[in-house]
Amino acid sequence: MPPSLAATPLPINPSHRPDPTSSSSSVQLLRSLARSRRAHLAHRALLLFRSLHSSPSPPPPHFSLPAALSAASFLAALPEGRQLHALAVKLNLAPAHTVVANSLLHLYASCGLPDAALALFRHIPAKSLVSWNTAIEALASNGDHVGALDLFREMQRDAAGLAPDAYTVQSVIGACAGAGALSLGVYAHALLLRELGGAGDGQAVSRDVLINNSLVDLYGKCGAAELARQVFDRMPHRDITSWNVMILTLANHGRVRESLELFDRMTRVENVVPNAITFVAVLSACNHGGMVEEGRRYFQMMVTEYGIRPRIEHYGCMVDILARAGFIEEALDVVSGMNCRPDAIIWRSLLDACCKQNAGSELSEAMAKMALDVPDDAVSGVYVLLSRVYASAQRWNDVGMVRRLMSEEGLKKEPGFSSIEMDGLVHQFVAGDTSHPLSEEIYMKLDEIEERLASSGYKPDLSEARMVAGMDHTKGAALRLHSERLAISFGLLKARAGAPIRILKNLRVCKDCHTISKLISELYGVEIIVRDRIRFHHFKDGVCSCKDYW
């Protein structure tokens, strides 16, 4: 293992007078090593920086520090990065020197610390466009999509004289895709066209494969599959990523036949050779459509025709295809024949299938034990699934036992939230939320919805209520407060007439919320598009695009 800078303090004497002439070649070498994008050379860059700054005539630190920070960012070397940050503070270069501060922003983003990056960003006295771009990307790349969009709005409002460039907009497009923010994504697309058009090349967007791939992904993840297909069909050049993104987009939207037809066109007409990711998309399509025989055929095709060694993702898709269709024994055979160790996701998939197929508590408990034996951060999900098995069997004492066990082990169910974009702003709700400024109106609308649902004959499925022992009306109240119901109520209040209500949910939609979403789409004559953790659900005229198979 290459030596670490963290073991030895970086000696630099502020009284030394740097000699820019004699050190320029060393700084150039340092920069070349840092930009190499090779781990062993990036380590050499850090060692060279230490050597240079322990010499009698060190190079100017505002030239060498950014290069060293770039190497640390590439390696995600947080201890070394913090040491470099301390050195920059000691020399009054952070956050005062914008270039050094920007390099530090990139370091913290690369190390998965967006909050540290944002805190530093707030203290940069002279923020450049690079500062804003790096901070926005730090949030977007680390999953805080709403925070990235909020910072982009702040940039437009407060950064006088700084117009977003193509780098800004690319980050915003990624954040819009993550947050499901369609209208803001369309705005970002328009900005991108204007930015590149203003550079004297109005056709740049239509020719750029990477940009078009990100736009296909944007529209696909925002529930606008038609717009994604339009961008894809108009691309003059496509790479394998273009095909993969479009195939997966169609699969996730329940347009399974189109997805598989596109794969056939890709391989038979366009003669594009699929890769491992292509087959993840294809098997996902089979999974979403409950197409067991096709799933078997494509899995075999991947191995025999294209010589692709199955990965854990392929096995996961295949196990889910079989188990959800009731072929649990065959799914277990697939697991036993894997060339890698099953992960917790595969065991949770089997446990979920046991629950939905009413396979019995004994088999479900065995799957839960296997899932818990695999190190994983999502242990609480196993307990929640097991509690649903017990709830479906009306074994409420066992449900209570699972909840007590979770409490004793300090485990909490992952909090669910639903978000909806309206007029360019993302509104987020959690179960029982009362923090929204329009909460009173939202709950009045929810009361109205409940009355219309009851009049239509709807009765709640209490097995999907909060898993606690209690009276039926308590469980029904818990269902009523699920976050997607609040988002739908808000959407019915504020959406333009005829416009779809687009909702993003971080968890899989529950059975009861799926039922009421179908009913609401029919009772109110509105299309509701829900993107959950697994796929898209397009509710319209009382039916769902998933055909109740998810």
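Checking the stated criteria, ARG207 turns out not to satisfy the condition of being in contact (Cβ under 8 Å) with a residue 24 or more places away in the chain, touching a Phe, Trp or Tyr at 6+ places or on another chain (Cβ under 9 Å), of a type outside the set (Gly, Ala, Ser) and farther than 25 Å from SER545 by Cβ. Only residues that are farther than 20 Å from PRO125 by Cα and among the aromatic types (Phe, Trp, Tyr) were counted across the range 60-114, and they come to 1. Look at (1) modelled with pLDDT of 80 or more; (2) open to solvent by less than 40 Å² (accessible area, probe 1.4 Å); (3) closer than 25 Å to ALA359 by Cβ and you find that MET422 fails only one, number (3).
Can you tell me which residue within the range 512-550, out of those that are hydroxyl-bearing (Ser, Thr, Tyr), closer than 22 Å to ASN287 by Cα and not in a helix (DSSP H, G or I), is least open to solvent (accessible area, probe 1.4 Å)? Only one residue tops the list, namely SER545. Close contacts from the range 211-232, counting a first residue that is within 21 Å of ALA499 (Cα to Cα) and of a type in the set (Lys, Arg) and a second that is open to solvent by 10 Å² or more (accessible area, probe 1.4 Å) and not in a helix (DSSP H, G or I), with Cβ to Cβ under 8 Å and a gap of 6+ residues or different chains, come to LYS221/GLY180; LYS221/ARG531. For first residues located in the range 106-133 and closer than 16 Å to SER171 by Cβ and of a type in the set (A, V, I, L, M, F, W, C), partners that are open to solvent by 20 Å² or more (accessible area, probe 1.4 Å) and assigned to a loop (DSSP other than H, G, I, E, B) and lie 6+ apart or on another chain with Cβ distances below 6 Å form the pairs LEU129/LEU162. Hey, does the range 6-19 have a residue that's in contact with a helix residue (DSSP H, G or I) (Cβ under 7 Å, 6 or more places away or on another chain), over 23 Å from ALA96 (Cα atoms), modelled with pLDDT under 50 and of a type in the set (A, V, I, L, M)? The answer is yes; a qualifying residue exists. In summary, helices (runs of 4 or more DSSP H) completely within the range 275-343 and bearing 1 or more residues that are under 28 Å from GLY220 (Cβ atoms) and open to solvent by 30 Å² or more (accessible area, probe 1.4 Å) occur at 276-289, 292-304, 312-324.
I'd like to know if the range 395-415 contains one or more residues that are assigned to a helix (DSSP H, G or I), over 25 Å from ILE528 (Cβ atoms) and among the polar types (S, T, N, Q). Within the range 395-415 (the criterion being assigned to a helix (DSSP H, G or I), over 25 Å from ILE528 (Cβ atoms) and among the polar types (S, T, N, Q)), the answer is yes, since at least one residue qualifies.
In this structure, does ALA499 turn out to be out of contact with any strand residue (DSSP E or B) (no Cβ under 7 Å at 6 or more places or on another chain), over 14 Å from ALA431 (Cβ atoms), at pLDDT below 95 and open to solvent by less than 40 Å² (accessible area, probe 1.4 Å)? Considered against the rule, which asks whether it is out of contact with any strand residue (DSSP E or B) (no Cβ under 7 Å at 6 or more places or on another chain), over 14 Å from ALA431 (Cβ atoms), at pLDDT below 95 and open to solvent by less than 40 Å² (accessible area, probe 1.4 Å), ALA499 comes out as yes.
The residue that is farthest from HIS314 (Cα to Cα), among those in the range 350-379 that are open to solvent by 20 Å² or more (accessible area, probe 1.4 Å) and polar (S, T, N, Q), is SER361.
The values are calculated or read from the model by the stated rules, or taken from the named source; none is laboratory data. Computed from a prediction, not measured in an experiment: that's the story for all the values here. When we count neighbours, we look across all protein chains shown, and the Cβ atoms used for this are built from the backbone with ideal geometry, even at glycine. To get the accessible areas, we keep the full protein, side chains included, count just its heavy atoms, and leave off ligands, DNA and RNA. Shrake-Rupley method; radii C 1.70, N 1.55, O 1.52, S 1.80 Å.
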